[in-house]
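Quick note: the coordinates plus some simple rules give every number you see, no bench work behind them. Quantities reported herein were computed from a predicted structural model and do not represent experimental measurements. Methodologically, a virtual Cβ is constructed for each residue, glycine included, from the backbone with ideal geometry; neighbour enumeration extends over all protein chains shown.
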Amino acid sequence: MTPPASPGDALADALARLAAGVTDRRSPFHTPTLATRDAEGGPNLRTVILRAFDPKARTLHIHTDRRSAKAAELAADPRAMLHAYDAVAQVQVRLRGLARLHGDDALADAAWAGSRDSSRMCYAAAEAPGETVAAPPPAPRDPDAGRGNFVAIVLTIQSLDWLLLDHDGHRRVHAEWDAAGRPTARWIAP
């Protein structure tokens, strides 16, 4: 990748990668890592699927089961981080933001309606994620049976850290948004 000429160019690159992560299943940004804080205050990481991204609103959408640790952790503490890395371009993006859970509202209904049956099946299991079972349970058969377990998570980005690993010198940019939604991006030491 050609190094960006300005912090604004790096920010634009990060936002473009996030947008591509929604539409391109092969993009490394399609499956970022979400970090939350567990009940003991420690970090908890998991891979998620990026479902939607609105660069103007700075919101990312992911889905989860309302019975999951992820949902409980975000309900207790909405602070979260998202991490994605493109090994080919050698670009890492870390996002810090606040998450909001949507389970029984129009946003959740629209997200559910826009989901494939194969995705809906993930929420139809009788067992909660992480629950101990005697043997692997059978796959659910009714994709609509999981609506009550479905939650859309909207993460509003507060800050973004972009890093390019380059043999001619790493480059790093930090961006934040003010109350009016205007970004400020600046070079920082890698």
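The H on the amide N of Ile188, modeled in the peptide plane, is under 5 Å from the matching H of Arg172, Val173, His174, each at least 5 residues off or on a different chain.
Cβ neighbours within 10 Å, averaged per peptide: list 95-107, 173-185 in order, most packed at the top.
With the highest mean Cβ count within 10 Å placed first, the list reads 95-107, 173-185.
Can you give me the relative contact order of segment 1-150 as a percent, contacts being Cα pairs under 8 Å and 6 or more apart?
Worked out over segment 1-150, it gives 18 percent.
For a quick check: with amide H placed at 1.01 Å from N, whose amide H comes under 5 Å from Asp166's, ignoring anything fewer than 5 positions away on the same chain? Placed amide hydrogens put Arg171 under 5 Å from Asp166. Here the chain is treated as a Stokes sphere of Kirkwood radius computed over C-alpha pairs; at 37 °C and 0.692 mPa s its diffusion coefficient rounds to 185 µm²/s. Using DSSP H assignments, which helices in the chain have an axial alpha-carbon span of 15 Å or above and a mean Kyte-Doolittle hydropathy of -0.5 or higher? Helix filter hits for the chain: 7-23.
Fully extending the segment from Ala39 to Thr23 would add 2.4 nm, taking 0.36 nm per residue of separation and subtracting the current Cα-Cα distance.
Using only side-chain charges placed at the Cβ, +1 for Lys and Arg and -1 for Asp and Glu, the dipole size of the chain relative to its Cα centre rounds to 200 debye.
Rounded to the nearest 0.05, the FRET efficiency derived from the C-beta distance between Asp104 and Trp187 at R0 = 45 Å is 0.55.
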